[in-house]
Structures are given as C-alpha cells and as structure tokens.
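This report concerns only the one structure given below.
What follows is calculated from the coordinates using simple rules that are stated; it is not laboratory data. For clarity, every value in this text was computed on a predicted model and none was experimentally measured. Cβ sites come from the backbone with ideal geometry, for glycine too, and all protein chains shown count toward neighbours.
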Amino acid sequence: MKLTPELQKASDKMKPGGIAREGFFGHDERDLPTLLDDHHAACRRLGVSWEAIAKEMRRVGRAGDEGFGAPVIVDDKWEVIVDENRGKIPCPWPHPGVYQKTVYTVKNLRSGKSVRYSELSIHMIYAHGFFQGAGSSFYNDPAVLVDVFEIQPEE
Amino acid sequence: MIEVLVSMGVVGVIGAVLAVALELADRYIANYGEATIDINDGAKELTVEGGGNLLGALVAEGIFVPSACGGRGSCGYCKCRITEGGGPFLPTEQSWITTEEKSNDMRLSCQVKIREDMRIYIPEELFLIKEYQGMVSSIRDLTGDIKEVRIKLVEPAEIEFQTGQYMQLTVPEYGDVDESVYRAYSLSSPEYERNEVEFIIRYVPEGICTTWVHQYLKVGDEVTINGPHGDFYLRDTDAKIIMIAGGSGLAPFKGMLLNMAKQGITRPTNFFFGAVNQDNLYYRDLMAELEEKMPNFKFIPALSGEDNPGWDGETGLITDVVDRLTPDVDNTEAYLCGSPGMIDACIKVLTKKGLTEDKIYYDKFS
C-alpha cells in the first residue's frame, strides 16, 4: 500500500502525543501502509473480513453496557466489562466523527483468553482495517480476535 | 495498461504537489490584513489579523467558545452563527451542521477562515467565561483511579459560578504531547468557595489530560482554566430531589450538597451512587456528615459487583436500586451525572415511573 497524503496525515496523528498519549504504533516499527497491508493479509488468511471482526466486537461489547462497569455474561460465552470514560476521541483518519472513550474487556469463558479494546478500535478496524501496532494499548492481533470471538471463516 | 496507470500516478502526484503548494502559500504568503469581527450586533467588536480560523481568534480574545477537539473539526461543539464574511460552506462542516442550521447561517467556527470583516452571533453567556491562572493547592487519591485536585485562583483571584457547572483545564505540552489541549471537568466545589476550585478526575487509559493530572501534576504547579460553562445546576424550586451518579460523576453533587447544607435547603434528597465494589466508593465520611447536617438527605451507595464481602448496603445495578427505592416521583426533579449508558438507562426508569423529561437534568460524560 502506498503512503498517500491521507495516510501520511493519519500516521502523523497516530504518533505519541498526537491524539492519544502513547499513540497507536506501540513498539511496532512498521509504517502505517505496511501495517495495513499485513493486517489485511492476516484477515484474508483467516478467511474473515475485518468488518465482520469489528461487528462482533461491537455486538458483544455493547451487550455488556447494561452492567455499568460490572461483569455481564453475554450469550453464555463471554464475560464483558464495559468502562465508559469521560470524553471523546477523533479517528486519526481525516474524516468527521468522534468516539466515546469506552473500553471493553471481553473474556471467552471457554478458553479463558481475553481482549481489551476501545470504541475507536472498533471503528478503525471496521472502517480502515487497522488493528494498531504491536505493543499499543489497544492492539489486538486479528487471529486473537477471531479466536476469542469464535468467528467462523466466511464462505 | 501500464501507461494508463503511470499517467494516473503522475496526475495524482501533480495534484498532491499543487494542493500542498496552495496550502503552504495560503499559510505563509497570503496576507489577509486586519479584519473586524462584529459580535451580536455590536455587543463586542474585535480587530484581528486575518488568515487564522475564527475559533482561534475568539479564544485569543478571551471568548471561550466550547470545543472538545481543539479545533480539528471533529467534535462539532464550536458552532456559531455567521451572517457576513464566513465564506463558502465547507465539506468539513457538512457532518455537524443540519440543513436547518445551515439555513440559519450556523457554521463550525474552527473551520471558518478569517478573510474579511465578519458579523457573527454567539450565546451571551460566553462573554462571562474567563480564563483563570491558578496554582495547584492539593491533590489526593480518592480511589485507585480517581483524584481530587484543588486549584487556588491567582488571576483573577475570584470566580462566580453556579454549583454543578464545569470548567476547561488547559493541558500544557508534556512528554510526547507537543500541543496544548484543554478538557472539560465538572466543578466539585460549591459556589460559596470563590478563591479555590476543585475537580474530581478519573484516569482514562491513554487520556492526554488525565495522564497529565495523574502522573505529572504536582502541588504548586501553575495551571490555566477557563469557565464556567454549562447549565447543570440545582434548580431553585421546592421539588424533591433524586441525584444519580457513578464514578467521577459524583463531582457536581458534592458541590450541590455542600451548598444545600450551607444555605439550609431542606428539600428531600436521595443521592444514589453506583459502583462495582467497595474500592470504588469514596467520600463516605463526607456523605455521613451531610446526612447528619441535613435530616432530609440520604446517601444510597449501591454495589453491582458480586464479590463484596461484609457489604450490607444496597446491591444490584443502580437502575434497579433507583426503581426499588423510589416509590413515587410526584413533585420531583432528577439530576444525573455519569456515563451515557448509565444516564440513558436511568432516564428510562424515571420516565417509566412518570417523571417527565423536562424534570430530568443531566451531565453526560461526553
């Protein structure tokens, strides 16, 4: 993927201190186009679209809203804790929209594996296929998300 | 095929170069000279250097139009009416301005560039908002992730506000944060304390402001705040009061209750405070003192987590507790502060009981 002016702007905002204190790249040394290429390739290998992953993250996460911070069991498969924080954060890509600083922690009750992600994570995966750099606060490997949410490959 | 792709690439690159050149020329070469901004039909007139955006010019002149995104065009809070000199409506404003607002000349002030004289309209109360220089007088932990921060006002040394309103805290450049930003927090101090203000601030993972408050801010540091903002305050009626909060949403209620105690207001008041476990409860001693001072006041903490050994108070979701312990809503007002999910769920419970929405006042964490 080419580093277009739009991706360059997004990449600049993803640096530490841009719109999030530690940024979105973590300790990952890959640039944004390479990360996107790698994330998209990972989804293709898994046979699952990033939109499908984001939809399940949103569906399961939001089912935990009713706990107001206490654990909620969703579909007898997941324990979900939703932490709604004050404030909103914009997407680094140059388009309108701000996202509530909500943090979801989802644990698969069968495997015991858990993932932690934000409302913005869901948007960035759904709209841009971006899972963030390894080591960043809300990075989740596509394969781990597919495993935790038990998402089956698409036909 | 390759020739077509190469041609498209060349055209794309030329377009990008021209766009960058135009932006640089506009920023560094274009000279718009001075422009006059007429506010509210002559209520105030500013003379500013053209070329910058309207929001920045107003803030620089001490008119604090609300903004949560620092002028990035991504929050939609900085709307104002521009009847002359606003230039064409921009695509970046499209998502935030409704068709009706557009027909009423509403614009996003952070997106409007000052190129000529302008005539604008803003709410009168924005003239009352001031910038204050202060000094941190105390910081203390209330829970594992909530701090109480008190700021002594230096210049101006006094503030007038209505208990429950909020102020914006300016976060300076620090660490990797290379741009100053500001964030809104409810005042937790009562309006009779005019020389010092207090905030209750919960740490937000990755939050630029809350990280600064929790990890960098020290007693004695100089800080800049502006306000007061907002219309969340106790209405002057004789109605019974229901207060509902979670987490740092307790802030405005602390001020309101201290104010009620000081003024001898005896309106029956139930304050429901939701938390997951006992570690998330704070100000229990203060609430007990207020219950002693105010016989009609009751503090009702409720825990929703399952593992709370020794707890003999209310348990369950705050919505269920409010529902269970509110027999009627006759002559009642409700005040809510907390997460959007909690507030929406509580509004449903209260309206189902018959409380009309015009008697429900709230400050959502948004």
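Tabulated data
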quantity: Within the protein assembly as shown: Cβ-based charge dipole about Cα centre, in debye rounded to nearest 20 (Lys, Arg +1; Asp, Glu -1); calculated: 460 debye
quantity: Relative contact order of segment A:5-148, defined on C-alpha pairs under 8 angstrom at six or more residues apart (%); calculated: 27 percent
quantity: Chain B: relative contact order in percent, alpha carbon pairs under 8 Å with at least 6 residues between; calculated: 12 percent
quantity: Nearest-0.05 FRET efficiency for residue A:38 and residue B:47, computed from C-beta distance (R0 51 Å); calculated: 0.45
quantity: Sparse-neighbour loop sites [GluC sites (Glu not before Pro); segment B:276-348; at most 10 other C-beta within 10 Å; DSSP]; calculated: B:306
quantity: Percent of beta bridges antiparallel (DSSP, chain B, rounded to nearest 5); calculated: 60 percent
quantity: Percent of beta bridges antiparallel (DSSP, segment B:34-125, rounded to nearest 5); calculated: 80 percent
quantity: Between segment B:117-177 and segment B:245-272, the alpha-carbon center distance in angstrom; calculated: 21 Å
quantity: 0 to 90° range, to nearest 10: angle between helix B:340-352 axis and chain B longest Cα axis; calculated: 50 degrees
quantity: Listed residue (B:159, B:87, B:213) projecting farthest to the positive dipole end of the protein assembly as shown, Cβ model; calculated: B:213
quantity: Euclidean distance between Cα centres, segment B:308-366 to segment A:1-75, Å; calculated: 34 Å
quantity: Of all DSSP beta bridges in the protein assembly as shown, antiparallel share, percent nearest 5; calculated: 70 percent
quantity: Principal-axis tilt of helix A:32-46 within chain A, Cα atoms, nearest 10 degrees; calculated: 40 degrees
quantity: Overall form of the protein assembly as shown per C-alpha gyration tensor (a/c, 1.5; a/b vs b/c); calculated: oblate
quantity: Cα centroid of segment A:90-113 to Cα centroid of segment B:48-66, whole Å; calculated: 34 Å
quantity: Within 10 Å of each Cβ in B:156-168, the average number of Cβ atoms from other chains; calculated: 0
quantity: Segment B:164-229: trypsin sites (Lys or Arg not before Pro) in DSSP loop, at most 16 other beta carbons within 10 Å; calculated: B:194, B:218
quantity: In segment B:259-350, chymotrypsin sites (Phe, Trp or Tyr not before Pro) in a DSSP loop with at most 16 other beta-carbon atoms within 10 Å; calculated: B:311
quantity: Sorted peptide list for A:98-104, B:326-332, criterion being average Cβ within 10 angstrom, highest first; calculated: A:98-104, B:326-332
quantity: Nearest 10 degrees, 0 to 90: helix B:2-28 Cα axis against chain B principal axis; calculated: 80 degrees
quantity: Charge dipole magnitude, Cβ of K and R +1, D and E -1 - segment B:129-229, Cα centre, debye nearest 20; calculated: 280 debye
quantity: Theoretical ellipticity at 222 nm over chain B - DSSP helices of four or more residues, -39500 (n - 2.57) apiece, nearest 500; calculated: -7000 deg cm²/dmol
quantity: Global form of segment B:129-229, assessed from the alpha-carbon gyration tensor, a/c cut-off 1.5; calculated: prolate
quantity: Listed residues A:100, A:42, A:72: farthest to the positive end of the dipole of segment A:1-151 (Cβ charges); calculated: A:100
quantity: Charge dipole of chain B about the Cα centre (unit charges at C-beta), most positive-ward option of B:259, B:138, B:350; calculated: B:350
quantity: Relative contact order [Cα under 8 Å, 6+ residues apart], segment B:129-229, whole percent; calculated: 39 percent
quantity: Candidate lysines for bridging to residue A:15, where Cα separation is under 28 Å - those fewer than 8 sequence places away on the same chain excluded; calculated: A:2, A:55, A:88, A:101, B:113, B:147, B:218
